[in-house]
Amino acid sequence: MSEIRVILALAQNDFSYFFRTKWLMAVLLSLNLSDMLVVALVYNRMMSFHYFSYYVPAVIIMGLFAASLDTGRRIWLILREGVIQYELSLPVSTHGLVIAYLLAGGAAALVYASSLMIIALIVLPAQSILSAFMLLPFLFVLAMGLAGIAAALAAVASTHGEFFFAFQNILQGMLLTLSTVYYPIESIQNILPPFLVSVVVANPLSLAAEALRQYTFAGLPIEPAFLAEILLTSIPFTLIGAFAYLWALRKIQVQGKL
């Protein structure tokens with residue numbers, strides 16, 4: 001029970017740290033709001049379909065993604081600045097440390113995405129508010145998965161600090177580009193080869209954005225199989241990140257550093 005309290009305390013501390021970095025919140029909010037209220041409106045005049053209603057739900061997922069990736073920055077900092085040595089001295093296992101940061105990353109991203117969802121519900125009327133609430137647990141799992149990938153990047157790049165943000169930008173570009181966040185699957189099928197189209201369809205960012213579009217804003221009945229796909233594509237990300245961060249912690253325990 002004492003270890004659970006330490007895990008929750010570490011998770012709470014990391015969760016609060018995300019919202020204490022006011023400059024980060026200001027940058028993220030300005031980028032997401034400009035996407036939602038400027039980019040979507042401009043592109044809406046250029047597209048043959050109602051791009052505004054297509055893109056606004058995607059901005060929520062983009063915000064979830066950006067907030068999840070910040071978990072990697074925080075883990076990278078504690079590894080680089082030696083804070084991890086203190087945390088390893090606490091009455092908590094390495095598995096507990098990993099769980100704490102994944103929980104904090106998922107929770108912070110979900111809260112941030114929820115704030116964007118409130119704004120989206122104001123500018124784009126939703127057909128089913130209940131569906132939005134029902135999707136939150138699945139978005140939390142997705143956020144934990146993305147936080148796990150960010151943790152993996154931090155663990156790998158902790159000895160090469162100058163590459164961390166480059167790695168993060170490459171990952172962000174790949175996952176967002178190979179998704180239906182910016183453009184519908186019909187357009188992608190006309191351009192990309194079939195194997196890449198399969199990657200786009202299986203991308204959890206695509207699935208989450210489509211879930212918001214169909215179930216919250218279009219009001220279609222929720223399909224459990226579709227939600228299961230979000231879980232099945234998000235959990236591997238969580239596992240990869242957990243194992244990578246666990247590897248880094250155990251290496252520090254043995255060698256004293258990475």
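The values are calculated or read from the model by the stated rules, or taken from the named source; none is laboratory data. If you're wondering where the values come from, they're calculated on a predicted model, not measured in any experiment. Heads up, the Cβs are rebuilt from the backbone with ideal geometry, glycines too, and the neighbour counts pull from every protein chain shown.
Inside the stretch 9-28, can you point out the residues that are in contact with a Lys or Arg (Cβ under 9 Å, 6 or more places away or on another chain) and within 18 Å of residue 90 (Cα to Cα)?
Within the stretch 9-28, just 14 meets the criteria.
Quick one: is residue 53 hydroxyl-bearing (Ser, Thr, Tyr) and surrounded by fewer than 20 Cβ atoms within 10 Å (Cβ to Cβ)?
It is true that residue 53 is hydroxyl-bearing (Ser, Thr, Tyr) and surrounded by fewer than 20 Cβ atoms within 10 Å (Cβ to Cβ).
Need at least 1 residues that are aromatic (Phe, Trp, Tyr) and within 21 Å of the chain's Cα centre (by Cα) per element, so show me which helices (runs of 4 or more DSSP H) inside the stretch 30-103 make the cut, counting only ones lying wholly within it.
Output list reads 51-80.
Among the residues of the stretch 247-258, are any at pLDDT below 90, touching a Lys or Arg at 6+ places or on another chain (Cβ under 7 Å) and farther than 16 Å from residue 138 by Cβ?
Yes, there is a match, as at least one residue in the stretch 247-258 is at pLDDT below 90, touching a Lys or Arg at 6+ places or on another chain (Cβ under 7 Å) and farther than 16 Å from residue 138 by Cβ.
(1) assigned to a helix (DSSP H, G or I); (2) modelled with pLDDT under 90; (3) surrounded by 14 or more Cβ atoms within 10 Å (Cβ to Cβ): which one isn't true of residue 107, the others all being true?
Exception for residue 107: condition (2).
Residue check, residue 82 against (1) closer than 21 Å to residue 21 by Cα; (2) touching a helix residue (DSSP H, G or I) at 6+ places or on another chain (Cβ under 8 Å), all met but one. Which one?
That leaves (2) as the condition not met.
Scan 141, 181 and give me the residue that is closer than 28 Å to residue 37 by Cβ and of a type in the set (Val, Ile, Thr).
Numbers: 141 fails: closer than 28 Å to residue 37 by Cβ.
Just a single option satisfies the conditions, and that option is 181.
Here are 243, 237, 164, 226: which of them is surrounded by 12 or more Cβ atoms within 10 Å (Cβ to Cβ) and under 22 Å from residue 117 (Cα atoms)?
226
Just checking, does the stretch 43-60 include any residue being among the β-branched types (Val, Ile, Thr), under 26 Å from residue 163 (Cα atoms) and either at pLDDT below 80 or out of contact with any His (no Cβ under 7 Å at 6 or more places or on another chain) (or both)?
no
Looking for something farther than 20 Å from residue 40 by Cβ, in a helix (DSSP H, G or I) and among the hydroxyl-bearing types (Ser, Thr, Tyr) - is there at least one such residue anywhere in the stretch 116-134? Show your work before the answer.
If we filter the stretch 116-134 for residues that are farther than 20 Å from residue 40 by Cβ, which is where we start, we get 128-131, 133-134.
Applying the additional criterion that residues be in a helix (DSSP H, G or I) yields 129-131, 133-134.
If we keep only those that are among the hydroxyl-bearing types (Ser, Thr, Tyr) too, we end up with 131.
Within the stretch 116-134, one or more residues are farther than 20 Å from residue 40 by Cβ, in a helix (DSSP H, G or I) and among the hydroxyl-bearing types (Ser, Thr, Tyr).
Within the stretch 142-200, track down each residue that is modelled with pLDDT of 85 or more and of a type in the set (Phe, Trp, Tyr).
182, 183, 195
Hey, can you tell me all the residues within the stretch 67-99 that are crowded, with 21+ Cβ neighbours inside 10 Å and within 26 Å of residue 32 (Cβ to Cβ)?
Hits for the stretch 67-99 are 67, 68, 69, 70, 71, 72, 74, 75, 76.
Where in the stretch 161-224 are the helices (runs of 4 or more DSSP H), entirely inside, with at least 1 residues that are touching a Lys or Arg at 6+ places or on another chain (Cβ under 7 Å)?
Where helices (runs of 4 or more DSSP H) fall fully within the stretch 161-224 and carry at least 1 residues being touching a Lys or Arg at 6+ places or on another chain (Cβ under 7 Å), they are 161-177.
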